[in-house]
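The values are calculated or read from the model by the stated rules, or taken from the named source; none is laboratory data. Not measured: the values here are computed from a predicted model. Backbone-built Cβ (ideal geometry, glycine too); neighbour counts: all protein chains shown. What goes into the accessible areas is simple: the full protein's heavy atoms, side chains included, and nothing from ligands, DNA or RNA. Shrake-Rupley method; radii C 1.70, N 1.55, O 1.52, S 1.80 Å.
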Amino acid sequence: MQQVNIIANPQLAIIFKGWATDWAKESQSGQKNMANKFHTVYTIAAKLFIDGGEVELQFLNALLADCKQKSEMAEAMNEKVKTSLQGNDDRAQAIIEKINKAAQDAAYVVRYLEQLLMPAK
């Protein structure tokens, strides 16, 4: 497997740590579900960007794909929230703000990882 050397980046560490914390609220000890998987991946990513060091290229590509999807799906998710919570504008707005923040963070991660993974010319 090809390794990539990562320089510590506190901004990315904070983003991934926040996402790990969000998923920890949904995860259940001893179970193999999506919440546990996302919590684990984001915890590993947070530690990676806190400490820096070598990581497999495949892991970074998976993070990149995940963040692209987060960013691209935000608008559709916002529409679903508006539709399903029509009678509860305050709750809908709070959820939409959280979705938009995650999408902005994901876009930042995408830009960073695309630069990092860009072949040297």
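The figures follow:
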quantity: Any hit, the range 38-51, residues being touching a residue at least 40 places away in the same chain (Cβ under 8 Å), open to solvent by 50 Å² or more (accessible area, probe 1.4 Å) and on the phi < 0 side of the Ramachandran plot; calculated: yes
quantity: Residue check, Asn61 open to solvent by 20 Å² or more (accessible area, probe 1.4 Å), touching a residue at least 12 places away in the same chain (Cβ under 8 Å) and not basic (Lys, Arg); calculated: yes
quantity: Tally, over the range 1-37, of residues that are part of a loop (DSSP other than H, G, I, E, B) and either without any contact (Cβ under 8 Å) to a residue 40 or more places away in the chain or among the aliphatic types (A, V, I, L, M) (or both); calculated: 12
quantity: Meets criteria (open to solvent by 90 Å² or more (accessible area, probe 1.4 Å), closer than 24 Å to Gln3 by Cβ and part of a helix (DSSP H, G or I)) for Lys80; calculated: no
quantity: Matching residues, the range 2-37, being small (Gly, Ala, Ser), loosely packed, with under 14 Cβ neighbours inside 10 Å and modelled with pLDDT of 90 or more; calculated: Ala8
quantity: Matching residues, the range 66-104, being at pLDDT 90 or above and in contact with a Lys or Arg (Cβ under 8 Å, 6 or more places away or on another chain); calculated: Ile96, Ala102, Ala103
quantity: Residue check for Arg91: within 16 Å of the chain's Cα centre (by Cα) and part of a helix (DSSP H, G or I); calculated: no
quantity: Meets criteria (touching a strand residue (DSSP E or B) at 6+ places or on another chain (Cβ under 9 Å), buried (at least 17 other Cβ atoms within 10 Å of the Cβ) and not acidic (Asp, Glu)) for Leu117; calculated: no
quantity: The listed residue being surrounded by 18 or more Cβ atoms within 10 Å (Cβ to Cβ), in a helix (DSSP H, G or I) and β-branched (Val, Ile, Thr), out of Val55, Val109; calculated: Val109
